[in-house]
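Working notes, structure below.
The values are calculated or read from the model by the stated rules, or taken from the named source; none is laboratory data. The structure displayed is predicted, hence computed values, not measured ones. Here the Cβ positions follow ideal geometry from the backbone for every residue, glycine too, while neighbour counts run over all protein chains shown. Keep in mind that these areas ignore ligands, DNA and RNA; they rest on the heavy atoms of the full protein, side chains included. Shrake-Rupley method; radii C 1.70, N 1.55, O 1.52, S 1.80 Å.
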Protein chains: 2
Amino acid sequence: MENALNTQKFHLGAQTSLRILTIATTMAATWLMMTSKEIAIVYGLPFEAKYSYVSAFKFFSYANAIACGFTAVSLLFLFIFGRKGLTPSWFFILFLHDLCMFSLVLSGVAAATAIGLVGRYGNSHAGWMPICDNMSKFCKRVTISSAFGYCSVILLLLLSIMAASKSRQIKV
Amino acid sequence: MENALNTQKFHLGAQTSLRILTIATTMAATWLMMTSKEIAIVYGLPFEAKYSYVSAFKFFSYANAIACGFTAVSLLFLFIFGRKGLTPSWFFILFLHDLCMFSLVLSGVAAATAIGLVGRYGNSHAGWMPICDNMSKFCKRVTISSAFGYCSVILLLLLSIMAASKSRQIKV
């Protein structure tokens, strides 16, 4: 009985830590992307780079913001009901929630990475020039934001697998 | 007992159908993307569009090809061991497999969509011109390929949730 209680406490601690970390990484990713802006002078003309000019970056920001909000709600839910021990059915609902957030952030990160690579290296076949040579501050910020996005993806994947695994067990 | 047997038969049927559909959609997505090629004359100069010129399209193709192969293996596994009834632990392994394939195809589709949107509408802020006005055949093929990719994502999501759900039940 004591062993089961210890396992439950450990699991609750791991869930709480991972969710707090996810909130932090998604918040950082959103903030860094949404505040990335740079004005550069190219051939005497002013050029402005802003996250909202690229639909993939907008989607990335919204995806991370939504995941941040929903993960905060799930943490609150865990705080209120978790102490008494959740039933496997509740963990299955939590799994569905985490899977949705994982899918959302993963698609945002993949889209942002695809565009970020064109921004850095360009595409000579399509005639798309790289912009990072002139917009290094903007590109650096987007890269760090994407890195936080990748961390969120890993954390949400872990949370999904943990919730799916816990939904298989009998209430302790 | 008969009811449980019927449920098992129904579930095995659903699993088989969904996996065959996934193999078909991922194969179609890979084939359509890998054979998309067009040469157009723009301002008197020949321009060639090919999937391998864009890293996101290459990643999309490989992701779909890998998912196609692994889903075929999982179908074979289901054929060999499924008739006797799989244990919940086997379903949990199947869930992990489906989740990996889902993540892979989803990131491929998101990356391809992000680049596809730039190809269709361009990005005036970055100076990236749309290419679909001159490469309509290539763009149409990529769009249909992406549509198959989206179908694969939905199918793999369903398979993941089904496997996670079945991993919670006692062997029937």
- [ ] Those residues that are open to solvent by less than 40 Å² (accessible area, probe 1.4 Å) and more than 19 Å from A:PHE102 (Cβ to Cβ), I need them from the range B:78-109; list them, please.
- [x] B:LEU78, B:GLY82, B:GLY85, B:LEU86, B:PRO88, B:PHE91
Task: Count - residues of the range B:5-50 that are surrounded by fewer than 12 Cβ atoms within 10 Å (Cβ to Cβ) and under 26 Å from B:ASP98 (Cβ atoms) - done: 6
Open item on the list: Could you check the range B:48-66 and list, in sequence order, the residues that are within 11 Å of another protein chain (Cβ to nearest Cβ) and of a type in the set (A, V, I, L, M, F, W, C)?
Closed with: B:ALA49, B:VAL54, B:ALA56, B:PHE57, B:PHE59, B:PHE60, B:ALA63
- [ ] Identify, by number, the condition in (1) closer than 18 Å to A:LEU99 by Cα; (2) in contact with a Pro (Cβ under 7 Å, 6 or more places away or on another chain); (3) surrounded by 22 or more Cβ atoms within 10 Å (Cβ to Cβ) that B:ALA163 doesn't meet.
- [x] (2)
TODO: Within the range B:1-51, track down each residue that is β-branched (Val, Ile, Thr) and under 29 Å from B:LYS140 (Cβ atoms).
DONE: B:ILE20, B:THR22, B:ILE23, B:THR25, B:THR26, B:THR30, B:THR35, B:ILE39, B:ILE41, B:VAL42
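Only one of these is free of Cβ contacts under 8 Å to residues at least 24 places away in the same chain and not hydrophobic (A, V, I, L, M, F, W, C): B:SER89, B:SER74, B:SER61, B:SER165. Name it.
Working: B:SER89 fails: free of Cβ contacts under 8 Å to residues at least 24 places away in the same chain; B:SER74 fails: free of Cβ contacts under 8 Å to residues at least 24 places away in the same chain; B:SER61 fails: free of Cβ contacts under 8 Å to residues at least 24 places away in the same chain.
Being free of Cβ contacts under 8 Å to residues at least 24 places away in the same chain and not hydrophobic (A, V, I, L, M, F, W, C) holds for just one of B:SER89, B:SER74, B:SER61, B:SER165, which is B:SER165.
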- [ ] Spot the failing condition for A:TYR53; the list is (1) within 22 Å of A:THR35 (Cβ to Cβ); (2) open to solvent by less than 30 Å² (accessible area, probe 1.4 Å), and only one is missed.
- [x] (2)
- [ ] Tell me which residues, restricted to the range B:105-145, are more than 7 Å from every other protein chain (Cβ to nearest Cβ), among the aromatic types (Phe, Trp, Tyr) and out of contact with any Pro (no Cβ under 8 Å at 6 or more places or on another chain).
- [x] B:PHE138
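Condition first: assigned to a helix (DSSP H, G or I) and among the small types (Gly, Ala, Ser). Now tell me which residues in the range A:1-47 satisfy that. First the steps, then the outcome.
To start, the set of residues in the range A:1-47 that are assigned to a helix (DSSP H, G or I) comprises A:2-34.
Selection gives A:ALA4, A:GLY13, A:ALA14, A:SER17, A:ALA24, A:ALA28, A:ALA29.
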TODO: Could you please let me know if A:ALA72 is in contact with a Pro (Cβ under 8 Å, 6 or more places away or on another chain), farther than 27 Å from B:ALA112 by Cβ and either more than 9 Å from chain B (Cβ to nearest Cβ) or in a helix (DSSP H, G or I) (or both)?
DONE: no
Open item on the list: For a quick check of your reading of the model, give me the residue pairs whose first member lies in the range A:118-143 and is part of a loop (DSSP other than H, G, I, E, B), whose second is surrounded by 20 or more Cβ atoms within 10 Å (Cβ to Cβ) and of a type in the set (Phe, Trp, Tyr), with beta-carbon atoms closer than 6 Å and at least 6 apart or on different chains.
Closed with: A:GLY122/A:TRP128
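How many residues does the range B:146-161 contain that are within 12 Å of chain A (Cβ to nearest Cβ) and either of a type in the set (Phe, Trp, Tyr) or touching a residue at least 40 places away in the same chain (Cβ under 8 Å) (or both)? Please lay out each step first, then the result.
If we filter the range B:146-161 for residues that are within 12 Å of chain A (Cβ to nearest Cβ), which is where we start, we get B:149-150, B:153-154, B:156-158, B:160-161.
Those still in the list that are either of a type in the set (Phe, Trp, Tyr) or touching a residue at least 40 places away in the same chain (Cβ under 8 Å) (or both) too: B:149-150, B:153, B:156-158, B:160.
Counting residues in the range B:146-161 that are within 12 Å of chain A (Cβ to nearest Cβ) and either of a type in the set (Phe, Trp, Tyr) or touching a residue at least 40 places away in the same chain (Cβ under 8 Å) (or both) gives 7.
Restricting the search to the range A:112-135, which residues are aliphatic (A, V, I, L, M), out of contact with any Phe, Trp or Tyr (no Cβ under 6 Å at 6 or more places or on another chain) and closer than 21 Å to A:TYR150 by Cα?
Of the range A:112-135, the ones aliphatic (A, V, I, L, M) are A:112, A:114-115, A:117-118, A:126, A:129, A:131, A:135.
Imposing the further condition that a residue be out of contact with any Phe, Trp or Tyr (no Cβ under 6 Å at 6 or more places or on another chain) reduces the set to A:114-115, A:117, A:126, A:129, A:131, A:135.
Once the filter is applied, which keeps residues that are aliphatic (A, V, I, L, M), out of contact with any Phe, Trp or Tyr (no Cβ under 6 Å at 6 or more places or on another chain) and closer than 21 Å to A:TYR150 by Cα, the range A:112-135 yields A:ALA114, A:ILE115, A:LEU117.
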